[in-house]
1. When you check LYS28 against the structure, is it exposed (fewer than 11 other Cβ atoms within 10 Å of the Cβ), over 14 Å from the mean Cα position of the chain (by Cα) and modelled with pLDDT of 70 or more, yes or no?
2. Pick from the stretch 32-79 the residues that are of a type in the set (Val, Ile, Thr) and part of a loop (DSSP other than H, G, I, E, B): which of them is least open to solvent (accessible area, probe 1.4 Å)?
3. Examine the stretch 5-19 for a residue that is part of a loop (DSSP other than H, G, I, E, B) and modelled with pLDDT of 90 or more, and state whether such a residue exists.
Amino acid sequence: MYFTNQLLKLGIFKPKPTHYLEFEYSTKSKISLCLEVRNLEDAIAHLTALGYPPPGEIIIASHGREIYAYDPDGNRLILHQSELKKGM
């Protein structure tokens with residue numbers, strides 16, 4: 001489900017059944033915030049420069065590429081780059 005205006009695109013996603021437990025019993029993260037970025041490598045570099053490098057590797061998903069990062073409070077940030085927006 002998506003809500004879109006000129007400045008903001010808000011989407012609600014449902015994890016695949018194989019990932020339910022990852023989101024259901026997460027004690028580290030109160031929320032998971034998905035952020036679409038134009039360039040995933042630039043976003044990773046920015047978080048790293050701020051002192052919060054993503055702990056894992058880039059994942060290939062059905063909607064493009066993504067990586068998990070965490071904010072200072074431990075909330076999960078899911079940065080994703082749509083394959084359609086690659087290089088924009």
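1. Working: exposed (fewer than 11 other Cβ atoms within 10 Å of the Cβ): yes; over 14 Å from the mean Cα position of the chain (by Cα): yes; modelled with pLDDT of 70 or more: no.
For LYS28, the condition - exposed (fewer than 11 other Cβ atoms within 10 Å of the Cβ), over 14 Å from the mean Cα position of the chain (by Cα) and modelled with pLDDT of 70 or more - is not met.
2. From the stretch 32-79, those of a type in the set (Val, Ile, Thr) are 37, 44, 48, 58-60, 67, 78; that's our starting set.
Going one step further and asking which of them are part of a loop (DSSP other than H, G, I, E, B), we end up with 37, 58.
Values: VAL37: 27, ILE58: 63 Å².
By that ranking, first place goes to VAL37.
3. Keep residues of the stretch 5-19 that are part of a loop (DSSP other than H, G, I, E, B), which gives 5-8, 12-16.
Restricting the remaining residues to those that are modelled with pLDDT of 90 or more gives none.
Scanning the stretch 5-19 turns up no residue that is part of a loop (DSSP other than H, G, I, E, B) and modelled with pLDDT of 90 or more.
The values are calculated or read from the model by the stated rules, or taken from the named source; none is laboratory data. Note that this is a predicted model, so its numbers are computed, not measured. FYI the Cβ positions are ideal-geometry reconstructions off the backbone, even for glycines, and counts take in every protein chain you see. What goes into the accessible areas is simple: the full protein's heavy atoms, side chains included, and nothing from ligands, DNA or RNA. Shrake-Rupley method; radii C 1.70, N 1.55, O 1.52, S 1.80 Å.
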